[in-house]
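Here it is, the structure in full.
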Amino acid sequence: MRLIGRNDLFLLLGLTVALFAIFSRPLARVLEYAYEIDQSRRLQLLPGLVILAVVFIFHQVRKRHEMRVQALASDAAARLSTARVERLVTFGQALGESLDHSSIGAVAAAHLPNLAEGRGAWAMALSSGVWRPLAVVADRSLTECEAAAKRALGEGAVGTDGVPNDVCFPMIVGRQPVGVLGVADQTVTGHQRTVLAAAAALLAGALKNAELFEVVHENSVRDSLTGCFNRQHAMEILDVELRRSRRSQLPLSLMILDLDHFKAINDRFGHLCGDAVLSTVGLRMQAVLRASDAKCRYGGEEFLVLLPETTLAGAQHVAEVLRRDLEKHPVPWHEAGIHTADIRVTASIGLTVVVPGELDATAIIARADAALYRAKEKGRNCVCVADASEAIA
């Protein structure tokens, strides 16, 4: 609340004049006394007072100027700090929407130039002892980035030729390094170091979350016993492959494999032995089939295999190779640490090929299943192919 407004200036001026009139005579006496001292002592009080007054006024003006400069600097620093916080918040939000290595790398590549304030920057991820580039927006090769990252974690020799002397910020989660963020410039201020350290912490958390998400996703789509995909995921893969085959006009084959006399194995040796057989079959399928072939546990002792870009003749050859491999690798079974038996494993296999343009997954599986039952009727441990008339129907 203001005590004196604009309309009160005239009153203030009147009070000033009145006070001057009241104290004019004492003030005059003080000046006369000072003049007498000045004359008697031969001093120069008046010039000295003028100089002091001028110096005081100059000091006050300079002090106000410095305060104004400091205020402007503080305001600029506050705006810069706000901008840095906003960049970190935006970076963190973008990372929160990234659930895999590639998307995290894309976010890092987009935001690192702003976070590093125009400096060259890079980020390397470490997983199971293997270095992978997240983003490199600096004049650095991947070899140089990896060497600098290793040195930052104490894995390389300091001062090694060819290793850039970048400012590095390790990414640590639970005392375990998951990567390194580097800046290709030594002129990094304290505030910038704080921002980059926070960015490294955000990246570390995002990488760990992506790793956990991948583990959870793998566990949700794979059968823990055999390592093959589960039935639900198998149907999703089949739908995708059918659409891809329709677009590309490339062949797609499907086989259903059923282990012969599996119930007898469970009844004679127990379910633990049956689990060992299923696990071994999963391993043999991984060893024999291509990585692009989708291997799925369809149910019980049945397996479904998708063979992309494979003709019916090629699928027959693959099925025979797999059948013979299973037959040649009996499963050793031990009870109480003693070798009990070698379980002979054979399989009956039904095959079909997808008709060009076909999208009915149920009909395709039914054809392969019918061929499987014919293989069972023929005495098991053989491969049967669905009739062409069944595919056309």
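Just checking, which of LEU72, LEU88, LEU95 is assigned to a helix (DSSP H, G or I), surrounded by 15 or more Cβ atoms within 10 Å (Cβ to Cβ) and more than 15 Å from the chain's Cα centre (by Cα)?
LEU88
Another one. Pick from VAL180, VAL173, VAL221: which is at pLDDT below 90 and among the aliphatic types (A, V, I, L, M)?
Of VAL180, VAL173, VAL221, the one residue that is at pLDDT below 90 and among the aliphatic types (A, V, I, L, M) is VAL221.
When you check PHE262 against the structure, is it in contact with a Cys (Cβ under 7 Å, 6 or more places away or on another chain) and aromatic (Phe, Trp, Tyr), yes or no?
No, not satisfied.
This table checks each residue for (1) surrounded by 20 or more Cβ atoms within 10 Å (Cβ to Cβ); (2) over 21 Å from the mean Cα position of the chain (by Cα).
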{"residue": "ARG151", "(1), (2)": "yes, yes"}
{"residue": "PRO164", "(1), (2)": "no, yes"}
{"residue": "VAL183", "(1), (2)": "yes, no"}
{"residue": "THR226", "(1), (2)": "yes, yes"}
{"residue": "PHE229", "(1), (2)": "yes, yes"}
{"residue": "SER248", "(1), (2)": "no, yes"}
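Looking at region 309-393, what strands (runs of 3 or more DSSP E) fall wholly within it and have at least 3 residues that are of a type in the set (A, V, I, L, M) and on the phi < 0 side of the Ramachandran plot?
In region 309-393, 338-343, 347-353 are the strands (runs of 3 or more DSSP E) which contain 3 or more residues that are of a type in the set (A, V, I, L, M) and on the phi < 0 side of the Ramachandran plot.
A further question on this structure: Given the criterion under 30 Å from SER248 (Cα atoms) and in contact (Cβ under 8 Å) with a residue 12 or more places away in the chain, identify the matching residue among LEU372, LEU326.
LEU372
Criterion first (over 30 Å from GLY300 (Cβ atoms), surrounded by 20 or more Cβ atoms within 10 Å (Cβ to Cβ) and in contact with a Gly (Cβ under 9 Å, 6 or more places away or on another chain)) does ALA116 satisfy it?
Spelling it out, it is not the case that ALA116 is over 30 Å from GLY300 (Cβ atoms), surrounded by 20 or more Cβ atoms within 10 Å (Cβ to Cβ) and in contact with a Gly (Cβ under 9 Å, 6 or more places away or on another chain).
Is it true that ALA234 is out of contact with any helix residue (DSSP H, G or I) (no Cβ under 6 Å at 6 or more places or on another chain) and crowded, with 20+ Cβ neighbours inside 10 Å?
Yes, satisfied.
Does region 269-291 hold any residues that are of a type in the set (S, T, N, Q) and farther than 18 Å from LEU306 by Cβ, and which are they?
The answer is SER279, THR280.
Here are some residues: GLY129, GLY120, GLY154, GLY174. Which one is within 17 Å of ASN209 (Cβ to Cβ) and either small (Gly, Ala, Ser) or not assigned by TED's automatic domain parsing to the domain that holds ARG193 (or both)?
GLY174
Give all pairs with beta carbons closer than 9 Å in which a residue from region 185-210 that is on the phi > 0 side of the Ramachandran plot meets a residue that is in a helix (DSSP H, G or I); count only pairs at least 6 apart in sequence or on separate chains.
Close Cβ pairs (under 9 Å, with a partner that is in a helix (DSSP H, G or I)) do not exist here.
The values are calculated or read from the model by the stated rules, or taken from the named source; none is laboratory data. Note that the structure is a prediction, hence the values are computed from the model and not measured. Glycine gets a Cβ as well: all are built from the backbone with ideal geometry, and neighbour counts include every protein chain shown.
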